[in-house]
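*Asks:* Structure provided below as structure tokens; questions to follow.
The values are calculated or read from the model by the stated rules, or taken from the named source; none is laboratory data. Just so it is clear, the structure is predicted and the values come from calculations on it, not from any experiment. Cβ coordinates were reconstructed from backbone atoms using ideal geometry, including for glycine residues, and neighbour counts include every protein chain displayed. Just the protein is used for accessible areas: all its heavy atoms, side chains included, with ligands, DNA and RNA removed. Shrake-Rupley method; radii C 1.70, N 1.55, O 1.52, S 1.80 Å.
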Amino acid sequence: MQVIRITSSDSLKQAIKLAKDVIEQGGLIVYPTDTVYGLGADPFNVRVVEKIFLVKKRPKKPLPVLASSISNVLRICELDEIAIRLIRKFWPGALTIVVKKKEGVLPSIVTAGMDSVGIRIPNHEVALKIISACGGLLIGTSANISGHKPPRTAEEAIAELGDLVDLIIDSGPAPLGKPSTVVNLTVSPPVIEREGVIKAEDILKVLRT
């Protein structure tokens, strides 16, 4: 396991290159986001996605995906008018939307066989550059053992996962320190499955307009 601390533009470039290499080789990275530190992998690589469940000691439930741009979001899912309204208000940011996935694109293990996927674009420069370099889409589950508190710092992620990952990128504490809010848009009316950084009342205001 390698740890790289981002302290300059040069170390950022090095971190991005290392992340790209690890992801392309089917490895696992821990990377900073705006909410908490994430455990990243290529969502199209079934073998490494299976490893995520082992590392996190997590039952096979759907894994969230982080994207670097709307064009990458549209590679794997469909967006209706409600989704677009929420995206315009809260992205990039701490809102995960659960939407219908496109058929035959994502491996079923990522979504636990469901026809939907949770996705967001984080509001974090380092995260966006890493995701972009790694193909525009990364698994974005929290870098912790299932049931434990999500890590706000690289040190907390190391304490949780240690040598079970290949690379840890440290850019200081995650700015928000709380998980994203999750809204399921595949049901009517939409359901707030987890209230995180963004308050439920703020989501409901947009849904009512």
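*Asks:* Determine the per residue accessible area of the chain with all protein chains present and a 1.4 angstrom probe, expressed in square angstrom.
*Replies:* 46
*Asks:* Report the net charge of residues surrounding Gly26, where surrounding means a beta-carbon distance below 10 angstrom and charges are Lys +1, Arg +1, Asp -1, Glu -1.
*Replies:* Within the 10 Å Cβ shell, the charges total -1.
*Asks:* Now for a separate question. Output wanted: per-residue J couplings in Hz (rounded whole) for region 22-31, from phi through Karplus 6.51 cos²θ - 1.76 cosθ + 1.60, θ = phi - 60°, x for Gly and Pro.
*Replies:* 5, 5, 5, 8, x, x, 10, 10, 10, 9
*Asks:* Report the gain in length on full extension from Ser9 to Glu81: 0.36 nm times residue separation, minus Cα-Cα distance, nm rounded to one decimal.
*Replies:* Stretched out fully, the Ser9 to Glu81 stretch lengthens by 22.0 nm.
*Asks:* Now for a different question. If each residue of separation counts as 0.36 nm, what is the full-extension length gain between Leu207 and Lys89 once their alpha-carbon separation is subtracted?
*Replies:* 41.4 nm
*Asks:* Loop-only trypsin sites (Lys or Arg not before Pro) in region 1-107, please: DSSP not H, G, I, E or B, and at most 15 other Cβ atoms within 10 Å.
*Replies:* Filter output for region 1-107: Lys57, Lys60, Lys102.
*Asks:* Packing-wise, with mean Cβ within 10 Å as the measure, how do 29-37, 168-176, 119-127 rank, highest first?
*Replies:* Top of the packing list down: 29-37, 119-127, 168-176.
*Asks:* Hey, another quick one. Can you tell me the order of 149-158, 136-145 when each peptide is scored by its average per-residue count of other Cβ atoms within 10 angstrom, highest first?
*Replies:* 136-145, 149-158
*Asks:* In deg cm²/dmol and to the nearest 500, what is the mean residue ellipticity at 222 nm of the chain if only DSSP H runs of at least 4 residues count, each as -39500 (n - 2.57), divided by the residue total?
*Replies:* -10000 deg cm²/dmol
*Asks:* Calculate the translational D of the chain in whole µm² s⁻¹ from Stokes-Einstein, where the hydrodynamic radius comes from the Kirkwood formula applied to all Cα pairs, the temperature is 25 °C and the viscosity 0.890 mPa s.
*Replies:* It diffuses with D of about 145 µm²/s by this estimate.
*Asks:* Kindly write out, for region 90-102 in residue order, the coupling ³J(HN,Hα) from the Karplus curve 6.51 cos²θ - 1.76 cosθ + 1.60 (θ = phi - 60°), rounded to whole Hz, with x marking Gly and Pro.
*Replies:* Each residue's phi maps through the Karplus curve to give 10, 9, x, x, 8, 10, 9, 10, 9, 10, 5, 8, 6 Hz.
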